[in-house]
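S.K.: First, the structure itself, so that you have it in front of you.
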Protein chains: 2
Amino acid sequence: MALSYAILAALINQPCSGYDLVKRFNKSVECYWSASHQQIYKALAKLEDDEHLLSEKIEQENRPNKKLYTVTDSGRRHLQQWIGQGEAIAPLKSDLLVKLSVGHTVPTETLLITLDTYYQQHKEKLKSYQFIAKQYAQRPDLSREEQFQYLSLRAGIRQQLAWIAWCEEAMGFLGQPVAVRESSSVS
Amino acid sequence: MALSYAILAALINQPCSGYDLVKRFNKSVECYWSASHQQIYKALAKLEDDEHLLSEKIEQENRPNKKLYTVTDSGRRHLQQWIGQGEAIAPLKSDLLVKLSVGHTVPTETLLITLDTYYQQHKEKLKSYQFIAKQYAQRPDLSREEQFQYLSLRAGIRQQLAWIAWCEEAMGFLGQPVAVRESSSVS
DNA sequence: TAACCCATGTAACCTGTTACATGATTAA
DNA sequence: TTAATCATGTAACAGGTTACATGGGTTA
């Protein structure tokens, strides 16, 4: 359900092919939803069937043909009415928290190793978000459209910062020096 | 998959029936995973079948009988090896962010109303987390088991705080006075 | 007497993941 | 010549949601 809306949202900003959508969904930010190409192609077919999307066949030389998808008026209305709906927030689901909540059943060393794999990933993600954010922040002439994208991006950054801060708290609790690897080494 | 582990984690702390598990999963915190009773009963049956759980039939008067589930040695090992595994962090999926990223396509007023429904829910959730956290914080004699639960809870709190701060930022961006309803009214 | 709690399930459906399939072009 | 990119799909399966089912006991 939400996937269809995420697709409409992506295509309303920039029409493209299924293949390109997959990249936009899974590479970097831009999208606050994720899906496999199988899901996306299926959802695109459904949306076209429901006349929320129009596809135009683009013939190409030296590479496969592709379909360019554009949002119809009906699709736009469909998306707009969804935006107007307040929904229940998704319940927190985190395998890391499940693991930590029974941390007393495994050796501290094991926990630290596991925790660190999550920690590194959150730091990576933060870095890639901040890289994009910097490009927005440096320009004073953002369009309203871009301002909204920037705003959403800042939520992603806040999330990652929250996770990172907590990982460091957890590492501290586990009695281990934080920041051995790279961050905040003084001097 | 992760659901089975979440069940093992919950039952290792405190054996109980399927019915009670449902409550522990969905009421308040304690669990960092969620599931419907249908899912839980199914997963319990599977876990018992795989000998990670043992069930004991409890006969009751004046109410239906129930099954008390306990984690077996095999179940404990199964959980422990999972805890030792680092996994890829779940990609951020947020319908609110999808909505805001195309905020320019709807009236500001609509966005504010939608945003507020999420905002209120995050504040509610935070309040309930903090209520439980206070009980942990007031006691200096926490067991190691409880310390780990408290630690996990603090992650939930950080998440909610991050969402709340961002909602306020977004409301500010939309040019609306924040905190009309209750929070941080000075004097 | 209506609604809710206790307690456990089945069935149909939708969503999401993994594996499989094709076939030309281009870069290492 | 191996792997990666472009481009779009099908099929089987696992995970999750919604609806349906039962039936006594308690609370308003």
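Please treat every number below as a calculation from the coordinates, not as lab data. Note that the structure is a prediction, hence the values are computed from the model and not measured. Reconstructed Cβ throughout: ideal geometry from the backbone, glycine too, with neighbour counts over all protein chains shown.
S.K.: Determine which chain A residue has its Cβ at minimum distance from the rotation axis mapping A onto B, giving the value in whole Å.
M.R.: Residue of A nearest the axis onto B, distance in Å: A:ALA162, 2.
S.K.: Now, a different point. At 222 nm, what value in deg cm²/dmol follows for chain B if DSSP H runs of at least 4 each add -39500 (n - 2.57) and the sum is divided by all its residues, to the nearest 500?
M.R.: -20000 deg cm²/dmol
S.K.: If you fit an axis through the alpha-carbon atoms of helix A:144-173 and take the longest principal axis of the Cα set of chain A, what angle between them do you get, 0 to 90°, nearest 10?
M.R.: It works out to around 20 degrees.
S.K.: Running a GNM on chain A with Cα contacts under 10 Å, which residue among A:ASP20, A:ASP116, A:ASP95 ends up with the highest mean-square fluctuation?
M.R.: In the Gaussian network model the winner is A:ASP95.
S.K.: Next question, about the same structure. Give me the angle, in degrees from 0 to 90, between the Cα long axis of helix B:37-49 and the longest principal axis of the Cα atoms of chain B, rounded to the nearest 10.
M.R.: Tilt relative to chain B: about 30 degrees.
S.K.: For chain A, which span is the longest to avoid every loop-located (per DSSP) member of GluC sites (Glu not before Pro) having at most 10 other Cβ atoms inside 10 Å?
M.R.: A:62-181
S.K.: In what sequence do B:PHE148, B:PHE173 fall when counting other Cβ within 10 Å, fewest first?
M.R.: Listed from fewest to most nearby Cβ atoms, that is B:PHE173, B:PHE148.
S.K.: Grab the beta carbon distance between B:GLU109 and B:GLU61, set R0 = 51 Å, and tell me the FRET efficiency rounded to 0.05.
M.R.: Efficiency, from the Cβ-Cβ distance: 0.30.
S.K.: On a 0 to 90° scale, report how tilted helix A:73-83 is relative to the longest principal axis of chain A, with both axes built from alpha carbons and the result rounded to the nearest 10.
M.R.: Result, in degrees: 30.
S.K.: Something else about it: Points 7 angstrom from Cα along the Cβ direction at A:PHE131 and B:TYR19: gap in nanometres?
M.R.: Taking the two extended label points, one gets 5.4 nm.
S.K.: Next question, about the same structure. Straight-line reach from A:LYS42: which lysines fall under 21 Å, measuring Cα to Cα and dropping same-chain residues less than 8 apart?
M.R.: Of all the lysines, those that pass the test against A:LYS42 - Cα under 21 Å, at least 8 places apart if same chain - are A:LYS23, A:LYS27, A:LYS57, A:LYS66, A:LYS67, B:LYS93.
S.K.: When chain B is modelled as a GNM with alpha-carbon springs shorter than 10 Å, which of B:VAL102, B:VAL22, B:VAL71 fluctuates the most?
M.R.: Sorting by GNM fluctuation, first place goes to B:VAL102.
S.K.: Please identify, among B:ILE58, B:ILE40, B:ILE164, the residue showing maximal mean-square fluctuation in a Gaussian network model of chain B using a 10 angstrom Cα cutoff.
M.R.: B:ILE58
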